[in-house]
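What follows is one structure encoded as structure tokens, with my remarks underneath.
Computed from the coordinates by the stated procedures, all read-outs in this text should not be read as laboratory data. As the structure is a computational prediction, the values presented were derived from the model and not from experiment. All Cβ positions, glycine included, derive from the backbone under ideal geometry; neighbour counts span all protein chains shown.
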Amino acid sequence: MELNKTSVSAVVENYDNVETRVSAACARAGRDRGEVTLIAVSKTKPIEDIQALIDHGVTQFGENKVQEMCGKEETLVKGLSWHMIGHLQRNKVKYLMGKTCLIHSVDSLRLAQEIQKEAAKADIVCPILMEINIGNEESKGGIPIEEAEVLARQIAELPNLKLKGLMCIAPFVDDPEENRDHFKRMRVKRDELAALKIPGTDIRELSMGMTGDFEVAIEEGATLVRVGTAIFGERDYRRL
């Protein structure tokens, strides 16, 4: 479907509205706006929408599917930061090397080992986040928060990986306040791991908060928020 100028303009307006909300959340929490990276989650969205944001100065984008991310990365201008935020299959890892600035969803040693193998082949160090299943939901990926230190130490032994922090997908709720305690637990665990100063890690980042709850996530310490619907509108999965 071809998008008209109004719909493309709406994406830019939506982004600015989200940016205003991010800044306000930072102010409420007494945080500097520069501490939080706003990632525009562009999964299923057309090139025209993304290009409108690029023209507006946006450089941080998130994708859930490897094939879709790689296609957009190859099509659009270079120099953008592409975040892999979705569930990652081990047989797709090789396609990401050199194309993603950060893999958010590492939830097992086996996946970490596969990234290590491909990163070594590419002679790069791949930044990653460990995904925590903060709500203990069967439908979501991630490890139990109690297992975070063990996996962090295992990842630290892989020389071509750099563990940068934690990520979670909080439960979908009507009231974002219901997720505040989840976000607090994530921040506490991030701080605990950082305090361990595990060699080979640089644990600073907290990727948490989406369209429905990113403001609460920022108030509780998020450094990366992943916002799709509030910027691009509802997704049309028929495009896939």
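The table below gives the values:
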{"item": "Between the stretch 106-160 and the stretch 20-64, the Cα center-to-center distance that results, in Å", "result": "25"}
{"item": "Per DSSP, loop chymotrypsin sites (Phe, Trp or Tyr not before Pro) in the stretch 80-175 with at most 16 further Cβ within 10 Å", "result": "F172"}
{"item": "Diffusion coefficient, µm² s⁻¹, Stokes-Einstein with Kirkwood Rh over alpha-carbon pairs of the stretch 50-194 at 25 °C and 0.890 mPa s", "result": "152"}
{"item": "Spherically averaged projected area of the stretch 177-240 from its Cα convex hull (nm²)", "result": "5.9"}
{"item": "Exposure proxy ranking, count of Cβ atoms within 10 Å, fewest first, for K121, K92", "result": "K121, K92"}
{"item": "Exposed-site-free run, longest, the chain (rule: GluC sites (Glu not before Pro); DSSP loop; at most 14 other C-beta within 10 Å)", "result": "3-136"}
{"item": "Added length on full extension, which subtracts the Cα-Cα distance from 0.36 nm per residue, Q113 to D202", "result": "30.2 nm"}
{"item": "Simple spin-label estimate for R28 and A195 in nanometres, 7 Å along Cα-Cβ", "result": "2.7"}
{"item": "Members of K65/K117; K94/K140; K78/K164; K121/K189; K72/K197 lying beyond 30 Å, as alpha-carbon distances in this model show", "result": "K121/K189; K72/K197"}
